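Participant: Please see the structure below; I have some questions.
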Amino acid sequence: MDFTQFVQQAHALEDEIIALRRDFHRHPELGFQEHRTAGVVTTEMENLDLEVRTKIAETGVMALMVGERPGPTVLIRFDMDALPVQEETGAPYASIHDGVMHACGHDGHTAVGIAVAKLLHEHRANLPGKVKFVFQPAEEGLGGAERMVAEGVLENPKPDYSLSMHLWNDKPLGWIGITSGPAMAGAEKFKIEIRGEGGHGAAPHRAVDPVLAAAQITTTLQSIVSRNVDPRESAVVSVTQFQAGEAFNVIPSHATLHGTIRTFIPEVRELVLQRVEEVSRGVATAMGAAAQVEFTRLTPPVVNDRAIAAKLHTLVESMFPEATIDSNEITMGSEDMAFFMGGIPSSYLFIGSSNASRSLDAPHHNPRFDFDEGALPLASSIMAASVWSLLEAS
Ligand code: NI
């Protein structure tokens, strides 16, 4: 296979890919409500004669492309959901729904997914294996991937490889991140409930103040990363919500803290969870209060297979000699793509998409987020070629 064919094909499809993206952008839908988006995806997949399964995890779509030559199965996943953000881009294709916006680029991902299917479809007679296209709902913290897995997306056929991508406004168009090893952190959320003894604001000696205990816990939690985690490893502990009290002259009886933990490796994760629990209970006890800690696991880390990353690096370099290919991009952000990667050799690519000279460089989740649409055909050809190279290798 001459992979530059995909570059030319994607170039020819550019207007269509951009039109799809703008249509999705204009009609953003929140997690598990992507009915219109899934409808467009389903029609496009059926037009390519793919075997389509819909309504997986509410609005998810799976389409299987069976090549005419035998070979392995590659899963390729694209997320479809928007965010509860009021758009401020002023773009002609801006969201028509108040308070809902594609502020992360998933409109682009969905368009790229359709384009990849079209690119591969043209070579179906030579396609050496199967491609499982997964269009996922609710990536933004709502657990869409986990539900799709629970509903059988990793079965019949079981993928031999998994691939995904994210448009990446932290980096300019022409930059491509193919991280070797861990790329995105595993995430949990925590809730710490602190019970004291309520009383009069003027008589603190007769109360047990949960506000002060929660404040001490918040401060002491910051010692976990600086004093417990090996400095050569990475971790984040962020307290993001602090709730207590109703009146200025009443010491409340309860305080609640919420936050998130990010780690890459199981040993560090175990250590951080254990220390959050110990610090919370120990500090509360020292203050005469009591603390209860609850963890909810959100996603495992996204870890790229090093051999696949190296292979794709060489591939993308041959397709785009001018591109900057970075093997070291790591973010403490998380991605539920991890659920489609566990135990499966995988790779997750970052496709640089900002363009400062056109003011298309607002960060992800910002009301002014928008990207250079030149990233769409680029991403489409890279992902199509990546699928092919994994099928061909086996
Ligand atoms: Ni995103």
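Just so it is clear, none of the values below were taken in a lab; they were calculated from the coordinates. None of the values given here were measured: they were computed from a predicted structure. Cβ sites come from the backbone with ideal geometry, for glycine too, and all protein chains shown count toward neighbours.
Participant: Jot down the radius of gyration and Dmax of the range 109-201, Cα atoms only, both in angstrom.
Facilitator: Final numbers for Rg and Dmax: 20.8, 79 Å.
Participant: For the range 49-64, in order, what is each residue's ³J(HN,Hα) by Karplus, 6.51 cos²θ - 1.76 cosθ + 1.60 with θ = phi - 60°, in whole Hz (x at glycine and Pro)?
Facilitator: With coefficients 6.51, -1.76 and 1.60, one gets 6, 8, 7, 10, 10, 10, 6, 8, 6, 6, 10, x, 10, 10, 10, 10 Hz.
Participant: Taking the alpha-carbon distance from Lys118 and a cut-off under 19 Å, which lysines remain once sequence neighbours fewer than 8 residues away in the same chain are dropped?
Facilitator: Lys118 reaches Lys130, Lys132.
Participant: Counting other beta carbons within 10 Å of each residue's own, what order do Arg53, Arg232, Arg69 fall into, fewest first?
Facilitator: Arranged by neighbour count, lowest to highest, Arg53, Arg232, Arg69 become Arg232, Arg69, Arg53.
Participant: Another question, then. Averaging sequence separations of C-alpha pairs under 8 Å and six or more residues apart, then dividing by the length of the range 64-221, give the relative contact order as a whole percent.
Facilitator: With pairs under 8 Å counted, the relative contact order is 29 percent.
Participant: Which of Ser346, Ser238, Ser354 moves most in a GNM of the chain, Cα contacts under 10 Å?
Facilitator: Ser238
Participant: What number, in percent, do you get for the relative contact order of the range 302-380 if the mean sequence gap of Cα pairs under 8 Å and at least 6 apart is divided by its residue count?
Facilitator: Taking the mean separation of contacting Cα pairs over the length of the range 302-380, I get 30 percent.
Participant: Using Cα pairs under 8 angstrom and six or more residues apart, how large is the relative contact order of the chain, in percent?
Facilitator: Value for the chain: 25 percent.
Participant: Taking 1 over the mean of 1/r across every pair of different Cα atoms in the chain, what Kirkwood radius in Å do you get?
Facilitator: Taking every pair of different Cα atoms in the chain, averaging 1/r and inverting gives 22.5 Å.
Participant: What's the center-to-center distance, using Cα atoms, between the range 197-232 and the range 95-131 in Å?
Facilitator: Here the answer is 48 Å between Cα centres.
Participant: Separate question: Would you look at the GNM of the chain, springs on alpha carbons closer than 10 Å, and say which of Glu246, Glu335, Glu317 moves the most?
Facilitator: Comparing Glu246, Glu335, Glu317 in a Gaussian network model of the chain, the most mobile one is Glu246.
Participant: Can you put Thr54, Thr260 in order, fewest other beta carbons within 10 Å first?
Facilitator: The fewest-first ordering by Cβ neighbours comes to Thr54, Thr260.
Participant: Tell me, what ³J(HN,Hα) does each residue in the range 25-32 have, in order and in whole Hz, if you take phi through Karplus 6.51 cos²θ - 1.76 cosθ + 1.60 with θ = phi - 60° and put x for Gly and Pro?
Facilitator: Values, residue by residue: 5, 5, 10, x, 9, 6, x, 6 Hz.
Participant: Roughly what % antiparallel, to the nearest 5, for the DSSP beta bridges in the chain?
Facilitator: Percent antiparallel among DSSP bridges in the chain is about 65.
Participant: Also: For Asp230 and Ala91, what does the FRET efficiency come to when R0 = 45 Å and r is the distance between their Cβ atoms, rounded to the nearest 0.05?
Facilitator: 0.50
Participant: Arrange Thr73, Thr240 by Cβ neighbour counts within 10 Å, fewest through most, would you?
Facilitator: Thr240, Thr73
Participant: List every residue whose amide H lies under 5 Å from the amide H of His166, counting only residues 5 or more places away in sequence or on a different chain, with H placed 1.01 Å from N in the peptide plane.
Facilitator: When sequence neighbours closer than 5 places are left aside, the close amide H contacts are Leu349, Phe350, Ile351.
Participant: Excluding Ile251 itself, what net charge comes from residues whose Cβ is under 10 Å from its Cβ, given Lys and Arg +1 and Asp and Glu -1?
Facilitator: Taking every Cβ under 10 Å from that of Ile251, the sum is -1.
Participant: Which value in deg cm²/dmol, rounded to the nearest 500, describes the helix-derived mean residue ellipticity at 222 nm for the chain, given -39,500 (n - 2.57) per DSSP H run of n ≥ 4 and division by the residue count?
Facilitator: Rounded to the nearest 500, the figure is -11000 deg cm²/dmol.
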